[in-house]
Amino acid sequence: MHHRSRPIRLATAFAVTGLVLTGCGTNPEPAATGAADAAVTVAEPTPRVVTTYDGGIQVLDGDTFEVLGDFPMEGFNRINPAGDGRHVIISTAEGFEVLDTGAWTDGGTSHAEEPVMTDIAFPTSKPGHVVRHDGKTVLFSDGTGEVTVFESSDLAEGQPEVETYSAEEAHHGVAVELSSGELVLTLGNEEERPGIVVFDEDGKEITRNEDCPGVHGEATAAGEAVVIGCQTGVLIYDDGKITKLDSPTEYGRIGNQAGSEESVITLGDYKQDPDVELERPETISLINTETKDLTLVELGTSYSFRSLARGPHGEGLVLGTDGSLHVIDPETAEVTNSFPVIGEWEEPLEWQQPRPTIFVEDHTAYITDPSTNTIHAVDVESGEITGTGELEHTPNELTAVTG
């Protein structure tokens, strides 16, 4: 792996803050993608959908749901878009690995070829959150506390140059790099996760807040306001300051969120009972990063952590256990539509177990139904089911790329 350093004014500043810029050894340049001469030019971008199953990962055509690639892979593997509209990051037992879905657009020309597993990898223990923002991909290792940042578009050329940082201690965390070069980073260890710290582009600490017990999850709203969830509300970082919004209930955990560049309001879950084994909430949270208000919406049905998404115009989307896709207007905090898609379902106790999942690409919401081994394409605006595919394996995690 190559390493690209930022200018450092004072090396001692990193020792004080705990933000450490570290170097990486150089490895041989791997093959980044499939054979370029196998690609064909296509009339328009061709979205591709990726699902995990017990034993592997499949790449599907985003329109027909035809299986384009099947990659056997043991264990429970998590998937996220890499941020370039082409590649997918897979969190495995070995670290972060990269799948080329085989569809991309370059200079206005769209291409398609067979998907392929690349040799691009970021080895680490307990690979965690993957964040995409402002053309950057940010990887967080729960096992080491290391943060790895690279230009998303560099994946097309092979193993990318990276910048790496270290959190003060290893923990289940997350990091976001803003267009200014500022880095928002969670604080924590194995015992507690109390808050966040923000560094400028030179690694100097700007501010921190440790009034955020159980810190988890992130979302970025329009205007680059970053929202981090707590067991007692959220932290908002914007304009060089951190604002704490307290939950309206004594315990009000917001741990999973969805942001949109079209909205200053982020969509989050909301749990109020710290003592149950698995709470099945029916309340949704909306965090207005401009007015610094936290609003609750009663959905009337429960949902899971894989139920939250945003529409092309910033709509809040929630896949309920009633089988419907619920549309929330963030500005009015009202449920404006509920579109039936699948049958009723119940969230399993183990979070790794399959459950209906939503992922939105442009105007299409892809929704899986593990009980019937099916996947549906739903037009977000009309609620029309525009396509359904039968899957060979029971789908678990779900993601998609624009192509």
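The values are calculated or read from the model by the stated rules, or taken from the named source; none is laboratory data. If you're wondering where the values come from, they're calculated on a predicted model, not measured in any experiment. Backbone-built Cβ (ideal geometry, glycine too); neighbour counts: all protein chains shown. Calculation scope for accessible area: heavy atoms of the full protein, side chains included, ligands and nucleic acids excluded. Shrake-Rupley method; radii C 1.70, N 1.55, O 1.52, S 1.80 Å.
Of the strands (runs of 3 or more DSSP E) lying entirely inside segment 18-92, those containing at least 2 residues that are modelled with pLDDT under 90 span 20-22. Just wondering, is there one or more residues in segment 376-391 that are open to solvent by 30 Å² or more (accessible area, probe 1.4 Å) and in contact with a Leu (Cβ under 7 Å, 6 or more places away or on another chain)? No, there is no match, as no residue in segment 376-391 is open to solvent by 30 Å² or more (accessible area, probe 1.4 Å) and in contact with a Leu (Cβ under 7 Å, 6 or more places away or on another chain). Screening the candidates Gly233, Gly223 for the property of being open to solvent by 20 Å² or more (accessible area, probe 1.4 Å) and not hydroxyl-bearing (Ser, Thr, Tyr) yields one hit, Gly223. Take the conditions in a loop (DSSP other than H, G, I, E, B), open to solvent by 20 Å² or more (accessible area, probe 1.4 Å) and modelled with pLDDT of 95 or more and apply them to Pro395. Does it pass? No. Being part of a strand (DSSP E or B), open to solvent by less than 20 Å² (accessible area, probe 1.4 Å) and in contact with a His (Cβ under 9 Å, 6 or more places away or on another chain) holds for only one residue in Val327, Val297, Val318, and it is Val318.
What do you reckon, is Ser166 touching a strand residue (DSSP E or B) at 6+ places or on another chain (Cβ under 6 Å), polar (S, T, N, Q), on the phi < 0 side of the Ramachandran plot and surrounded by fewer than 19 Cβ atoms within 10 Å (Cβ to Cβ)?
Numbers: touching a strand residue (DSSP E or B) at 6+ places or on another chain (Cβ under 6 Å): yes; polar (S, T, N, Q): yes; on the phi < 0 side of the Ramachandran plot: yes; surrounded by fewer than 19 Cβ atoms within 10 Å (Cβ to Cβ): yes.
Yes: the conditions hold for Ser166.
Checking each residue in segment 105-116 for being open to solvent by 50 Å² or more (accessible area, probe 1.4 Å) and either in contact with a strand residue (DSSP E or B) (Cβ under 9 Å, 6 or more places away or on another chain) or on the phi > 0 side of the Ramachandran plot (or both) picks out Thr105, Gly107, Gly108, Thr109, Glu114. Which residues, counting only those in segment 181-206, are out of contact with any strand residue (DSSP E or B) (no Cβ under 9 Å at 6 or more places or on another chain) and free of Cβ contacts under 8 Å to residues at least 24 places away in the same chain? Within segment 181-206, Asn189, Glu190, Glu191, Glu192 meet the criteria.
Only one residue in Phe140, Phe76 is aromatic (Phe, Trp, Tyr), open to solvent by 10 Å² or more (accessible area, probe 1.4 Å) and within 30 Å of Gly195 (Cα to Cα). Which one? Please lay out each step first, then the result.
Working: Phe140 fails: open to solvent by 10 Å² or more (accessible area, probe 1.4 Å).
After applying the criteria, what remains is Phe76.
Every condition in (1) open to solvent by less than 20 Å² (accessible area, probe 1.4 Å); (2) over 30 Å from His111 (Cβ atoms); (3) touching a Phe, Trp or Tyr at 6+ places or on another chain (Cβ under 8 Å) is met by Ala400 except one, and the failing one is (2).
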